[in-house]
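Undergrad: I am attaching a structure below and will ask some questions about it afterwards.
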Amino acid sequence: MQQTARDGTMKETIRRVTPSDIKSYTDKIIVNEYQFRMNRTEETNSSLYFETYWKTLEPNTAEQEAGISDVRLRIKIRSQKLRRGMDEFTVHNLNFTAELQGTTDNNTGSWNNIRITPEREEFIDAIFDDYETEFKAGVMEY
């Protein structure tokens, strides 16, 4: 997974997936399994966009040692139509982004992007791996 430690984001791409699978697996994994609540959903003829509300997490040891007192995570899923198939189905490329923010005791409660620690990276990777596995294991639904 691509990580930008400075800006607190991790990004990954899943190629060649159908819109119906994206909707189904986002609901199954992101909402039901990991208990994120959906904040925003947009659908057009050529794209899908899902954005969760921020989910509060317990600071891990490395985050606490860095002075982080509160942590929150948000998931964004954006897909764009790749091509129109001969069988009248649409295939998308999907971009998965995880955004991590935190507060410190000395910044008066304002949220800022924070460095993603190895422990937090494992947690985000687990979410993405479970999500991606659904696409790899499932039969495409058109």
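Undergrad: Out of all the residues in region 90-103, which are open to solvent by 30 Å² or more (accessible area, probe 1.4 Å) and more than 24 Å from THR26 (Cβ to Cβ)?
TA: None; the set is empty.
Undergrad: Answer yes if at least one residue in region 43-57 is at pLDDT 95 or above, surrounded by 14 or more Cβ atoms within 10 Å (Cβ to Cβ) and farther than 30 Å from GLU119 by Cβ, and no otherwise.
TA: Looking through region 43-57, at least one residue is at pLDDT 95 or above, surrounded by 14 or more Cβ atoms within 10 Å (Cβ to Cβ) and farther than 30 Å from GLU119 by Cβ.
Undergrad: Taking region 59-83 as the region of interest, how many residues are more than 22 Å from the chain's Cα centre (by Cα) and within 25 Å of TYR25 (Cβ to Cβ)?
TA: 1
Undergrad: Which of (1) open to solvent by 70 Å² or more (accessible area, probe 1.4 Å); (2) more than 13 Å from the chain's Cα centre (by Cα); (3) free of Cβ contacts under 8 Å to residues at least 40 places away in the same chain is the odd one out, the single condition ARG37 does not satisfy?
TA: Exception for ARG37: condition (2).
Undergrad: Show the residue pairs that are 6+ apart or on different chains and have beta-carbon atoms under 9 Å apart, the first residue being within region 62-83 and of a type in the set (Asp, Glu), the second being open to solvent by less than 70 Å² (accessible area, probe 1.4 Å) and not in a strand (DSSP E or B).
TA: Pairs that qualify, where the first residue is of a type in the set (Asp, Glu) and the partner is open to solvent by less than 70 Å² (accessible area, probe 1.4 Å) and not in a strand (DSSP E or B), are GLU63/ILE114; GLU63/THR117; GLU63/ARG120; ASP70/PRO59; ASP70/GLY109.
Undergrad: Now for a separate question. For region 7-34, enumerate the residues that are acidic (Asp, Glu) and open to solvent by 30 Å² or more (accessible area, probe 1.4 Å).
TA: Within region 7-34, ASP7, GLU12, ASP27, GLU33 meet the criteria.
Quick grid of which residues meet (1) over 20 Å from PHE128 (Cβ atoms); (2) among the aliphatic types (A, V, I, L, M); (3) at pLDDT below 95:
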position: GLN2; (1), (2), (3): no, no, yes
position: ALA5; (1), (2), (3): no, yes, yes
position: GLN35; (1), (2), (3): no, no, no
position: ASP87; (1), (2), (3): yes, no, yes
position: LEU94; (1), (2), (3): no, yes, no
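The values are calculated or read from the model by the stated rules, or taken from the named source; none is laboratory data. Treat the numbers as computed from the prediction; the structure is a model and nothing was measured. FYI the Cβ positions are ideal-geometry reconstructions off the backbone, even for glycines, and counts take in every protein chain you see. Side chains included, ligands, DNA and RNA excluded: accessible areas come from the protein's heavy atoms. Shrake-Rupley method; radii C 1.70, N 1.55, O 1.52, S 1.80 Å.
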